[in-house]
Amino acid sequence: MPRPRIILFDLDGTLIDSVRLILDSYHHTMRSHGLPARSDDHWLHGLGTPLSAQLAEWGDDPDTLMALIATYREYNLEHHDRMVTVYPGIVEVVRAIREAGVSTGLVTSKNRNGALRGLGVAGLVDMMDVLVCADGVDNPKPHPEPVEKAVRLLDGNPAQTIYVGDSIHDMQSGRAAGVRTAAALWGPFGRSHLTGASPDYWLDTPPELLRLLD
């Protein structure tokens, strides 16, 4: 395998630990609109896809869907900085990757404002050469477009790119885009959940990513 020249990252569950906040935001949204509760597992199944996909059950009524998304975002932003943390070792690993001359980018299903908020809490805003967010593509993950766009913006080659993510949607998007995929097992999903997506690399801890630079 050629040495990577680009390493792309998912955000939630990969760079930042925001999963509890995401789940609480969905539960709050359902309660606020008098809708039936859904389990944590229900919402986790769609983690890594945009809000519109997660709430697609109500997508036939655009006004209802927009109201649900607005409620989610209001709650999420209100509690964001208190609940979101950066995974241990992530900042140091991203810094080392950049010092090794490798380009970095973010590929997330959050919109740009939300992504910048998360990167800000983590202290990673200035460590991403490119951001590809849900509001910057026509087809979000698991479609390959977000990863393809990031590679293109960095004038890169898919064969020399790795996409690091925690969800099956990340793995599917990266594989479809022709890049190598690395499963971040420090997020909410274990090997049993991600095995079917056949990631190229399994990472138990963030520092293991540095071995792929050799």
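The values are calculated or read from the model by the stated rules, or taken from the named source; none is laboratory data. Treat the numbers as computed from the prediction; the structure is a model and nothing was measured. FYI the Cβ positions are ideal-geometry reconstructions off the backbone, even for glycines, and counts take in every protein chain you see. Protein only, heavy atoms only, side chains kept; ligands, DNA and RNA dropped before computing areas. Shrake-Rupley method; radii C 1.70, N 1.55, O 1.52, S 1.80 Å.
Here is the figure for the range 29-60: residues that are part of a loop (DSSP other than H, G, I, E, B) and either open to solvent by less than 70 Å² (accessible area, probe 1.4 Å) or of a type outside the set (D, E, K, R) (or both) total 14.
Figure legend. Inter-residue proximity from the range 74-95: first residues under 28 Å from Pro207 (Cβ atoms), second residues among the aromatic types (Phe, Trp, Tyr), beta-carbon distance below 9 Å, spacing 6+ or different chains. Indicated pairs: Tyr87/Trp186; Pro88/Trp186; Gly89/Trp186; Ile90/Phe9; Ile90/Trp186; Val94/Phe9.
Consider Arg73 carefully, then state whether it is basic (Lys, Arg), closer than 26 Å to Thr161 by Cβ and either assigned to a helix (DSSP H, G or I) or in contact with a Cys (Cβ under 7 Å, 6 or more places away or on another chain) (or both). Answer is no for this residue.
Here is a check on your reading of the model: is Ala67 among the aliphatic types (A, V, I, L, M), modelled with pLDDT of 95 or more and over 27 Å from Ile97 (Cβ atoms)?
Yes.
The test for being surrounded by 14 or more Cβ atoms within 10 Å (Cβ to Cβ), farther than 14 Å from Gly187 by Cβ and at pLDDT 95 or above does not hold for Leu15.
To keep it simple, each residue is scored yes or no on (1) at pLDDT 95 or above; (2) in contact with a strand residue (DSSP E or B) (Cβ under 8 Å, 6 or more places away or on another chain); (3) more than 26 Å from His143 (Cα to Cα).
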{"residue": "Ser52", "(1), (2), (3)": "no, no, no"}
{"residue": "Glu78", "(1), (2), (3)": "yes, no, yes"}
{"residue": "Val84", "(1), (2), (3)": "yes, yes, yes"}
{"residue": "Tyr87", "(1), (2), (3)": "yes, yes, yes"}
{"residue": "Ser103", "(1), (2), (3)": "yes, yes, no"}
{"residue": "Leu106", "(1), (2), (3)": "yes, yes, no"}
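Ile7 meets all of the listed conditions (1) assigned to a helix (DSSP H, G or I); (2) buried (at least 19 other Cβ atoms within 10 Å of the Cβ) but one, namely (1).
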